[in-house]
1. In deg cm²/dmol, rounded to 500, what helix-only [θ] at 222 nm does the chain give when every DSSP H run of at least 4 residues adds -39500 (n - 2.57) and the total is split over its residues?
2. Using the alpha carbon gyration tensor of the range 88-151, what are the three equivalent-ellipsoid semi-axes (square root of 5 times each eigenvalue), largest first, in whole Å?
3. With the Cα gyration tensor of the chain giving a ≥ b ≥ c as the square roots of its eigenvalues, does the rule (a/c under 1.5 for rounded; else a/b larger than b/c for prolate; else oblate) give rounded, prolate or oblate?
4. Rank the residues V76, V40 as a footprinting-exposure proxy: fewest other Cβ atoms within 10 Å of their Cβ go first.
5. What relative contact order, as a whole-number percentage, does the range 6-146 give when Cα pairs under 8 Å and 6 or more residues apart are counted?
6. Sort K6, K102 by Cβ crowding within 10 Å, fewest neighbours at the top.
7. Hey, what do the phi angles of the range 120-134 turn into as Karplus ³J(HN,Hα) couplings, whole Hz, using 6.51/-1.76/1.60 and θ = phi - 60°, x for Gly and Pro?
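Each value in this text was obtained by applying a stated rule to the coordinates, not by laboratory testing. As the structure is a computational prediction, the values presented were derived from the model and not from experiment. Cβ coordinates were reconstructed from backbone atoms using ideal geometry, including for glycine residues, and neighbour counts include every protein chain displayed.
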Amino acid sequence: MPEDGKLMKIGLIVAAAIIVIRIILEQAGAPLAVNYILGVAWLYFIMPALFAISIRAFGHARPFGRLLRDVVLFAVFTRLMVAVTYVLAYYLEWDALRFSEKQGGTVGENITPLNGILLIPLRNAIIWIVMATILGIIIGAIALAVKRKRPEVTVNPA
């Protein structure tokens, strides 16, 4: 397990790479199935478990508080990265389905600059942060419970 704190950085680097690769594939016309597989949302299943394992390995005094902090920070940072892609999609008029007005995105005839630059990306970020936090706490709590340190049993050889 990486040093405490490095796990977050590694996860965010992986998320940034996934975001860039997905945008490249979407703009190249890759099939929807490929684009759905390459989503940051999958990390919301993986990272909470890794955070929990790391928290147990480093023996934090308040593991659930630390888990909540890590999950929320990871969700906020990743969703801000994704929000930037929605703003770029508005400016550059990307034609990927997830950016279309019909899918709740920022590209379309009826999208105003306020909606395309601020309101839609902010709305999406808030919804995803809340969902990722709830999911992350559930998965992380299960992982914390499974990885709970058991008390050492000493045998008295009397």
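1. -22500 deg cm²/dmol
2. Details: eigenvalues 296, 23, 13 Å².
Taking √(5λ) for each eigenvalue gives 39, 11, 8 Å, largest first.
3. prolate
4. Listing V76, V40 from fewest to most nearby Cβ atoms yields V76, V40.
5. 30 percent
6. Numbers: K6 11, K102 8.
Least crowded to most crowded, the residues run K102, K6.
7. The phi angles translate into 5, x, 5, 4, 4, 4, 4, 4, 5, 5, 5, 5, 5, 5, 4 Hz.
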